[in-house]
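Below is one structure; the comments refer to it alone.
The values are calculated or read from the model by the stated rules, or taken from the named source; none is laboratory data. Please read these numbers as outputs of a predicted model, since none were measured by experiment. Here Cβ is always computed from backbone atoms with ideal geometry, including for glycine, and neighbour counts include all displayed protein chains. Calculation scope for accessible area: heavy atoms of the full protein, side chains included, ligands and nucleic acids excluded. Shrake-Rupley method; radii C 1.70, N 1.55, O 1.52, S 1.80 Å.
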Amino acid sequence: MAIAHEVESARPDTTPGGHSPWVTATTSISGFEPASVSVPEYDLVVIGSGPAGQKGAIAAAKARKRVAVIERTGMIGGVSVHTGTIPSKTVREAIFQLSGLGVSTLYGNGSKSHVEISVEKVSSRVRAIIARETEVIRAQLERNGIAIYQGSARFLDPHTVEVQGEGEAIRITGSKILVACGTRPAHGSDIPFDNHRIVDTDHLGDLGGLPREIIVVGAGVVGLEYASFIAALGAEVTVIDQRPAVLEFVDRQIVEALSYHLRQQGVTFRLSEKVMHIGIDLATDRVLAELESGKNVHGDALIYAVGRQANADQLHLEAAGLAADSRGKLKVNEFHQTDVPHIYAAGDVIGFPALASTSMEQGRLAACHMFEIPFQHMPALFPYGIFTIPEISMVGQTEETLTANRIPYEVGVAKYSELARSMMLGDEAGMLKLLFDPETHKLLGVHALGQRATEIIHIGQAVLFYGGSVEYFEDMVFNYPTLAEAYKVAALNGLNKL
């Protein structure tokens, strides 16, 4: 008795170059005769359609390669679109605008108050943007002739991946494979998540309303972003982290300024503190976090933001000859190859910096390397954007890295309080900082804090890329009044010190 496994509906209408991606394989099912099975074959199979997977797939498709992308049902665009970057930044903008935080000192009474914002309206806005971004990515993949398979992926061997969707599981093969499966919030086994008062960052909407007092466990990028959002709405926030300092890869002066601003907004930092137990205090019916030092911290709710767990642990990696670490992350070389040379990995699944922007570049680099596509790569010039309120951004060297490498430097600073535009925006706390060589005046690093920091950082990034000096900013004419004018102010400040 022969059984033919047909998955015609999963076939793409067209493929790059007009080549059929289908081959015929013979499988044997115990108790039955060998069956002829049609197995789609691709030059590249991408697991995950987030920033890394999307850009890697498109780079290969542009090179006329046959490409397939596997994504969980209803998750086109990956975590970035559905639970990470897009929704969190949409919420941030809603909070920043609706709270009037930027101009409250100018046109309000300047006092800190509890802001009531319609969770329903904000959620509606988030859903609309997610739907739009999902369709944009889907259309982009389809426009490039990329086949989309929806379901959960698992390796059967180093070249074969099984996709389990709503119907019968299907198999596809790839000469090259890019693992870009993203991450999920890390869960401690002893944390009593109830998706009501004790939640991870994927379930913040389940809090219902805004708690008056909230505990955030974890002072990484995500933890600080959400702490700043909630503080901007008037809640009292306690941030707990066992590390002695926050954002250690960021310039210390910028971090200190951000920390000061957050404290002014009602954020209390409990650093070098390890959480031993989380639960509900039955006497007060409030969330309780017990610390190793003996302190007890109470709140109306708790957000657990202690890192991310990579989804590679769900891919049956052993069948491909791979193994993930305890956090589900994969080790790669500078070209994003794993220990199995034809299998690459990019994005959050390989760890730091785990930003959407850097993941996009990693996916592109992986595709270019595997298919020998010419590329230029500037890892030292990755910009970092952290969307706290106020936001911070950086590109290039920090004072700390320059000092550690014994590289002399000078500093030029422009305070937002010196700029007409920032006064109009109500941002007196912002600043732009330039690091440059005191002899050649070559720009070495750019750091920004305040409104639109993640936008204006790219001016400095361009000058760094071309090996320019701070004289560029001194001699250039900037629109007035703008925040970009801060570059001229900072350059003049630094050059006047020589």
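Observations on the model:
- Mean Kyte hydropathy of 1.0 or more with a Cα span along the axis of at least 15 Å, helices from DSSP in the chain: 221-232, 453-465
- Under the simplified labelling scheme, the GLU372-SER124 pair shows an inter-label distance of 5.7 nm, with each label point 7 Å from Cα along Cα→Cβ.
- List THR440, THR268, ordered by accessible area with a 1.4 Å probe, largest first: THR440, THR268
- Accessible area of GLU361 in the full protein assembly, 1.4 Å probe (Å², nearest 10): 40
- For GLY445, residues with placed amide H under 5 Å, excluding near neighbours: GLN397, LEU435
- Rolling a 1.4 Å probe over the protein heavy atoms gives the chain an accessible area of 46 Å² per residue.
- Remark: accessible surface ordering of LYS433, LYS176 (largest first) is LYS176, LYS433, probe radius 1.4 Å.
- The chain, helix-only ellipticity at 222 nm - DSSP H runs n ≥ 4, -39,500 (n - 2.57), divided by all residues, nearest 500: -8500 deg cm²/dmol
- Summary value for the chain: 14 percent relative contact order, contacts being C-alpha pairs under 8 angstrom separated by 6+ residues.
- Note on GLU41: accessible area is roughly 70 Å² with a 1.4 Å probe, heavy atoms of protein only.
- For the residues ARG143, ARG286, a 1.4 Å probe over the protein chains yields an accessible-area ranking, largest first, of ARG143, ARG286.
- Each residue of the range 427-437 was assigned a 3J(HN,Hα) from its phi angle through the Karplus expression (A = 6.51, B = -1.76, C = 1.60, θ = phi - 60°), giving 10, 9, 8, x, 7, 10, 10, 10, 10, 8, 6 Hz with x at Gly and Pro.
- Evaluated with a Cβ-only charge set (Lys, Arg +1; Asp, Glu -1), the chain carries a dipole of roughly 620 debye about its Cα centre, given to the nearest 20.
- Exceeding the 25 Å Cα-Cα cut-off - candidates LYS121/LYS329; LYS55/LYS89; LYS442/LYS497; LYS62/LYS89; LYS55/LYS176: LYS121/LYS329; LYS62/LYS89
- Packing-based ranking of 145-151, 464-470, 450-456 yields 450-456, 145-151, 464-470, ordered from highest to lowest mean Cβ neighbour count within 10 Å.
- For the range 203-333: relative contact order, % (alpha-carbon pairs under 8 angstrom, 6 or more apart): 25
- Cα gyration tensor shape of the range 422-498, rounded if a/c is under 1.5, else prolate or oblate by comparing a/b with b/c: prolate
- Once you reduce the range 163-215 and the range 335-367 to the center of their Cα atoms, the two points are 20 Å from each other.
- Over the range 145-270, relative contact order from alpha-carbon pairs under 8 Å, at least 6 apart, %: 15
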